[in-house]
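Undergrad: Dumping the structure here so I can ask a few things about it.
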Amino acid sequence: MGITKRGNKRVERALKKWQDDIIEEIKRIIRNTTLLLEKELKARIPHETGEMADSISVTFDADGYGAKLEIGAFYAIYVNYGTGIYAQGPGGSRAKKIPWVYFNTRWGRFVLTHGQRAQFFWEQAVDEAADYFIKEFRKLGK
């Protein structure tokens, strides 16, 4: 019976270091992509009052493999996709009556409207972040 040696400590250590480096690189890409998305959104969101941009929040998972970006302003979807006759988002307009009247607290008066034109900001920002994400992951494969 001969002597069997399994594994090589140098090779095992090198593979472990490579694995750790790849994991850290993946976490970096996820973090940078999320921060880029936040930056792009803040640059593209209409800044009439700044409230919508200020309502953006980012949280990262404890393990570093995930992130969540939220726009807290409830009306962000209406700004992005439009309303009334101008609605371009999923499902189109859900207005029961067009035109309609609402009270504008900023102006202190009632306003008659047919809706608001879409001011797309979400898709463009996501596309920028996705391009970065794909480019960075392709670098890992080389």
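Listed here are the residues, each with its yes/no results for (1) part of a helix (DSSP H, G or I); (2) at pLDDT 95 or above; (3) loosely packed, with under 14 Cβ neighbours inside 10 Å; (4) under 22 Å from the mean Cα position of the chain (by Cα).
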residue	(1), (2), (3), (4)
Arg106	no, no, yes, no
Gly115	no, no, no, no
Phe133	yes, yes, no, yes
Arg138	yes, no, yes, yes
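Undergrad: Determine which single condition Gln124 fails, assuming it passes every other condition in (1) assigned to a loop (DSSP other than H, G, I, E, B); (2) in contact with an Asp or Glu (Cβ under 9 Å, 6 or more places away or on another chain); (3) not acidic (Asp, Glu).
TA: Failing condition for Gln124: (1).
Undergrad: Shifting gears a bit: Where in the stretch 1-88 are there helices (runs of 4 or more DSSP H), lying wholly inside it, with at least 1 residues that are of a type in the set (Lys, Arg) and open to solvent by 60 Å² or more (accessible area, probe 1.4 Å)? Talk me through it step by step, then tell me what you get.
TA: Details: elements: 9-44, 51-54, 76-81.
It comes to 9-44.
Undergrad: What is the residue count in the stretch 107-141 for residues that are in contact (Cβ under 8 Å) with a residue 12 or more places away in the chain and among the basic types (Lys, Arg)?
TA: 1
The values are calculated or read from the model by the stated rules, or taken from the named source; none is laboratory data. Predicted model only: the values in this text are computed from it and were never measured. Cβ atoms come from the backbone with ideal geometry, glycine included; neighbour counts cover every protein chain shown. Only protein heavy atoms, including side chains, enter the accessible area calculation; ligands, DNA and RNA are left aside. Shrake-Rupley method; radii C 1.70, N 1.55, O 1.52, S 1.80 Å.
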